[in-house]
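Structure first, then comments.
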Amino acid sequence: MSNTIVLETITRLQAKYREARLELDFTSPFELLIATILAAQCTDAKVNEVTKSLFKKYPEPASYLTVDQAELQEDIRQITFYRNKSKGIIAACKMLVEEYDGKVPDTVEALLKLPYVGRKTANIVLANAFNIPAIGVDTHTIRVPNRLGWLVCKDAYEIEQTLCRLLPEDRWHRANLLLQWHGRYTCKARKPLCESCVLTDICNWYAENMQIQTTSGN
């Protein structure tokens, strides 16, 4: 894939989604860590609804260690997989308190040691809380580059590494947000809104599917 096309894509997406941002509400690296854990297979809107009161009740890692898992489960019951997530949050907070002096570490290696924290969560925290260049690969960051023809792969780690090679480091974070917004609001999983897309002339998926529709029409 040509770097020129990749950069042109990001330039067009920036013009369309100038307001693109992480849609999780947070005021500290710790709040973002918790919010990102909760956001796995759950909408950002629902997470923000729950964390509005959650962050007041549990302002720091040590706060989560003062209650049992059953109480935390009730606090986040509206979140998908709340039982597993409550267990993971308590375990992560225990490690933060015991090994990191209650502070969220700012390296991917240290973050990955925390229970229930994978590369996506770690990279989202690094990029959005610490302003460290990183790409957090979610479902949109998988789907959009594949449709555009940048790669043919579903492995999150390989996609992360490919995007890091294709993009200048200082554009990783912004490009990540733009790809996510494009996937969420235009290049949707079930029915992409190609009629309102600014990338149709450089999109492999559009070219292939329009060709099929044209052939079928004839």
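The values are calculated or read from the model by the stated rules, or taken from the named source; none is laboratory data. In this text, all values refer to a predicted model and were calculated from it rather than measured experimentally. With ideal geometry, Cβ positions are generated from the backbone for all residues, glycine too; neighbour counts draw on all protein chains shown.
Can you name the residue in the stretch 129-145 that is within 21 Å of residue 200 (Cα to Cα) and without any contact (Cβ under 8 Å) to a residue 40 or more places away in the chain and, of all such residues, is surrounded by the fewest Cβ atoms within 10 Å (Cβ to Cβ)? Applying the filter and picking the extreme gives 142.
Within the stretch 184-195, the presence of a residue that is more than 17 Å from the chain's Cα centre (by Cα) and either aromatic (Phe, Trp, Tyr) or closer than 15 Å to residue 5 by Cα (or both) is excluded.
Condition check ((1) under 25 Å from residue 21 (Cβ atoms); (2) in contact (Cβ under 8 Å) with a residue 40 or more places away in the chain; (3) not in a helix (DSSP H, G or I)) across all residues:
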position: 147; (1), (2), (3): yes, yes, no
position: 152; (1), (2), (3): no, no, yes
position: 161; (1), (2), (3): yes, no, no
position: 175; (1), (2), (3): yes, yes, no
position: 179; (1), (2), (3): yes, yes, no
position: 183; (1), (2), (3): yes, yes, no
position: 189; (1), (2), (3): yes, yes, yes
position: 198; (1), (2), (3): yes, yes, yes
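Here residue 36 clears all of (1) in contact with a Ser or Thr (Cβ under 9 Å, 6 or more places away or on another chain); (2) surrounded by fewer than 21 Cβ atoms within 10 Å (Cβ to Cβ); (3) among the polar types (S, T, N, Q); (4) not in a loop (DSSP other than H, G, I, E, B) except the condition numbered (2).
From the list 66, 4, the one residue that fits, being at pLDDT below 95 and surrounded by fewer than 13 Cβ atoms within 10 Å (Cβ to Cβ), is 4.
Every residue, every condition in (1) at negative phi; (2) of a type in the set (A, V, I, L, M, F, W, C); (3) in contact with a Leu (Cβ under 8 Å, 6 or more places away or on another chain), yes or no:
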site	(1), (2), (3)
39	yes, yes, yes
54	yes, yes, no
57	yes, no, no
89	yes, yes, yes
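Scanning the stretch 2-33 for residues that are in a loop (DSSP other than H, G, I, E, B) and among the aromatic types (Phe, Trp, Tyr) yields 17, 26.
Here is a check on your reading of the model: is residue 64 touching a Cys at 6+ places or on another chain (Cβ under 6 Å) and of a type outside the set (Val, Ile, Thr)? Here the answer is yes, as residue 64 does meet what is asked. So for the stretch 84-95 (the condition being farther than 24 Å from residue 43 by Cα and modelled with pLDDT of 95 or more), does at least one residue qualify? Checked the stretch 84-95: at least one residue is farther than 24 Å from residue 43 by Cα and modelled with pLDDT of 95 or more.
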